[in-house]
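Have a look at the structure below, then the notes.
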Amino acid sequence: MISTSTTYALIVHGGAGADPALDYREQEAHLRALIAGGQKRLLAGESALDTAVAMVKDMETSGLYVAGKGSAPNRDGIVELDASVMDGSNRQAGAVAALRNAVHPIEAARRIMAEGRYVMLAGEGAGAFARAQGLEIVADPATYYVDHVKHGSGGAQEGHGTVGAVALDLSGNLAAATSTGGTFNKMAGRVGDTPLIGAGTWADDGVAVSCTGLGEYFIRAGTARDVSARMTYGGASLNEATAAALAEVKRLGGDGGLIALDRQGNIAMPFNSKGMKRAAVSDKIAAVVRIFEPE
Ligand code: ASP
């Protein structure tokens, strides 16, 4: 379909686990290049879904964030990955939880969505699905994953991180994608908000949301869907809805941040942790890359 709209927007995040004592210049440079590449994709007419997934795949193999290659092992020394994707144009969704050894968990989530029968596969079953789909598998986990502590916050015991992307394409469709290695030192089988549609990820025809922070609080607050509900039922603006949803996380005792876009291409990327690695671009704003500075 040829679109006449010139409205597009893209936000990516590299997690709300950011420590002011650490040097994130490499991540900043990466985010700058990433958002420029994503902008080109959207301007070339690529769908929000393809663009959001492409952004997350790039971050998963960069080794610069706590997702994919940059993920930390759990207490048993095994990396378990969570990811989800949602297409706002039709509310289709796909997710994987506690998936092992997939190079691109987000691609596994996307294939589940494309198959259409299930929304989420977990553990062994998710791994079997990824293999059956011919997805790239980590050949040697012992050497593939990179040192995670420098990407997170609060050291190896408390830290966490995630990557995510939300996009609005020239056809007016929204999509969201999120992928994580979870919290450092997590128990085997622990699953956070990232693969849960409505908690860590949401997209409909009004808003797309990708969250990052201590997942247990985002699950309890139902954050990503909360943003949409506040806009749909409460008439809140994107800024009001995202601020209120994040305040609810805080009220429960958690912290973190989220990125969100509405169908007009408005951008929100609030956080109440120390920082959130993030970048945004749209037809109205030149690319910005931020970590500790507020919006
Ligand atoms: N939300 C992720 C989780 O709890 C971690 C993060 O976003 O930093 O698994």
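Points to keep in mind about this one:
- The set of residues in the stretch 17-45 that are surrounded by 18 or more Cβ atoms within 10 Å (Cβ to Cβ) and modelled with pLDDT of 95 or more comprises GLN27, HIS30, LEU31, LEU34, ILE35, GLY38, GLN39, ARG41, LEU42.
- Close contacts from the stretch 273-288, counting a first residue that is in contact (Cβ under 8 Å) with a residue 40 or more places away in the chain and of a type in the set (Val, Ile, Thr) and a second that is open to solvent by less than 20 Å² (accessible area, probe 1.4 Å) and part of a loop (DSSP other than H, G, I, E, B), with Cβ to Cβ under 9 Å and a gap of 6+ residues or different chains, come to VAL281/TYR8.
- Of all residues in the stretch 13-31 being aliphatic (A, V, I, L, M) and in a loop (DSSP other than H, G, I, E, B), the one that is nearest to the ligand (Cβ to nearest atom): ALA16
- Matching residues, the stretch 242-288, being in contact with a helix residue (DSSP H, G or I) (Cβ under 7 Å, 6 or more places away or on another chain), under 23 Å from SER47 (Cβ atoms) and polar (S, T, N, Q): ASN266
- Of all residues in the stretch 191-225, those satisfying the criterion of being hydrophobic (A, V, I, L, M, F, W, C) and assigned to a strand (DSSP E or B) are ILE197, TRP202, ALA203, VAL207, ALA208, VAL209, CYS211.
- Residue within the stretch 229-252 that is surrounded by fewer than 24 Cβ atoms within 10 Å (Cβ to Cβ) and closer than 20 Å to VAL96 by Cβ present: no
- Condition broken by ALA72, with the remaining ones in (1) of a type in the set (A, V, I, L, M, F, W, C); (2) under 17 Å from the mean Cα position of the chain (by Cα); (3) part of a helix (DSSP H, G or I) satisfied: (3)
- Taken over the stretch 72-92, the criterion of being surrounded by 22 or more Cβ atoms within 10 Å (Cβ to Cβ), more than 19 Å from GLY15 (Cα to Cα) and among the aliphatic types (A, V, I, L, M) is satisfied by no residue.
- Flag for LYS186 being surrounded by fewer than 21 Cβ atoms within 10 Å (Cβ to Cβ), closer than 21 Å to ILE291 by Cβ and of a type in the set (Lys, Arg): no
- The single condition among (1) surrounded by fewer than 18 Cβ atoms within 10 Å (Cβ to Cβ); (2) closer than 17 Å to GLY215 by Cα; (3) modelled with pLDDT of 95 or more that SER171 does not meet is (2).
The values are calculated or read from the model by the stated rules, or taken from the named source; none is laboratory data. This one's a predicted model, so the numbers in the text were calculated from it and none came from an experiment. Here the Cβ is made from the backbone with ideal geometry for all residues, glycine too, and neighbour counts use every protein chain on show. For accessibility, only protein heavy atoms count, side chains too; no ligands or nucleic acids. Shrake-Rupley method; radii C 1.70, N 1.55, O 1.52, S 1.80 Å.
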